[in-house]
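Report on one structure; see the data block that follows.
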C-alpha cells in the first residue's frame, strides 16, 4: 500500500511540474480549432489581384462627353467593363449633329447620354499594362434646330456604336507617391493609374425628325425618318484606381 501511495505522489508531482492535470492524456491538451476561418487563411500573391477598377475620361469634356467606367477583373488579364458617356456636356458633340445651313446648322439644344461596355484584355509590362478591347455603346439623344423660328424642328437619334479601345495604363501611383505604412496611403499608391489611349469605330444612327409647330412644313416632302452611318472616335486620358 505504501508503495502504491508513493507511486501516486510521484506521478502527481511530475504532472504538476509539466503544467498538466493528473491522470489526463496529451490528446486533451492539444486544443486545435476544428475549422479555420477563411478570413484568417494567408493569401497567396499568385491568386490575389485587384478585382475592381473605376476611372473617368475627363478629356471627354472637350470631345464628345466625359466617360465614367467601371471594370470587373475576371482574370489577371481579362476584364469586363461598363461605362456611361455624358454626351450632352461634350464641347464637340454639336459637330456630330451639324445640319445643313438652310436647316439651322449647329443645333441650338442638345440632350443625350450613352451606355456601353465590353471585354478588355490587359498585357502585363512590368508594373504597367497595355490594353485592347472591343466596346459596344447605345446612345439616345434629342436635338433642336432653329429654336424660336417658325420652322423650328426636332430630331430624335438612336445610335448603336462599335469601337476598339486600345492604350496604355501607367501605374504612376507606385512611382510618384512616397512610401507610407498607413493603409490609406498604401491603398492609393498601389491602385492609382492613368490610362492613355484611343476609341475608334463607327456609329449607326436611326433618326426621326419633325417640325415642332403643328401644320408647319406640310408641303415639305423630305423623309421624316431614316438611317445613317458615320465614323466615331475619341482620345482617352483617364484617371482611376484599382482595388
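The values are calculated or read from the model by the stated rules, or taken from the named source; none is laboratory data. From a predicted model like this one, the values you see are computed outputs, not experimental measurements. Because the Cβ atoms are built from the backbone with ideal geometry, glycine has one as well, and the counts that use them run over all protein chains shown.
Scanning the stretch 167-190 for residues that are closer than 17 Å to residue 81 by Cα and buried (at least 17 other Cβ atoms within 10 Å of the Cβ) turns up 167, 169. Quick check on my filter: what residues within the stretch 135-158 are part of a strand (DSSP E or B) and surrounded by fewer than 14 Cβ atoms within 10 Å (Cβ to Cβ)? 136, 138, listed by residue number.
For beta carbons closer than 6 Å, sequence separation of 6+ or different chains, a first residue in the stretch 58-76 that is modelled with pLDDT under 95 and a second that is in a loop (DSSP other than H, G, I, E, B), the qualifying pairs are 58/66; 76/49.
Yes/no matrix, rows are residues, columns are (1) surrounded by fewer than 20 Cβ atoms within 10 Å (Cβ to Cβ); (2) touching a helix residue (DSSP H, G or I) at 6+ places or on another chain (Cβ under 6 Å); (3) without any contact (Cβ under 8 Å) to a residue 60 or more places away in the chain:
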site: 78; (1), (2), (3): yes, no, yes
site: 84; (1), (2), (3): yes, no, yes
site: 89; (1), (2), (3): yes, no, yes
site: 92; (1), (2), (3): yes, no, yes
site: 104; (1), (2), (3): yes, no, yes
site: 111; (1), (2), (3): yes, yes, yes
site: 114; (1), (2), (3): no, yes, yes
site: 118; (1), (2), (3): yes, no, yes
site: 122; (1), (2), (3): yes, no, yes
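Selection within the stretch 192-230: residues that are without any contact (Cβ under 8 Å) to a residue 40 or more places away in the chain and under 30 Å from residue 131 (Cα atoms). The member of this set that is surrounded by the fewest Cβ atoms within 10 Å (Cβ to Cβ) is 229.
In the stretch 159-188, what count of residues is obtained for those that are in a loop (DSSP other than H, G, I, E, B) and either under 16 Å from residue 203 (Cβ atoms) or in contact (Cβ under 8 Å) with a residue 40 or more places away in the chain (or both)? Spell out how you get there, then give the answer.
Of the residues in the stretch 159-188, the ones in a loop (DSSP other than H, G, I, E, B) are 171-172, 177-182.
Filter again for either under 16 Å from residue 203 (Cβ atoms) or in contact (Cβ under 8 Å) with a residue 40 or more places away in the chain (or both), leaving 171.
Residues in the stretch 159-188 being in a loop (DSSP other than H, G, I, E, B) and either under 16 Å from residue 203 (Cβ atoms) or in contact (Cβ under 8 Å) with a residue 40 or more places away in the chain (or both): 1 in total.
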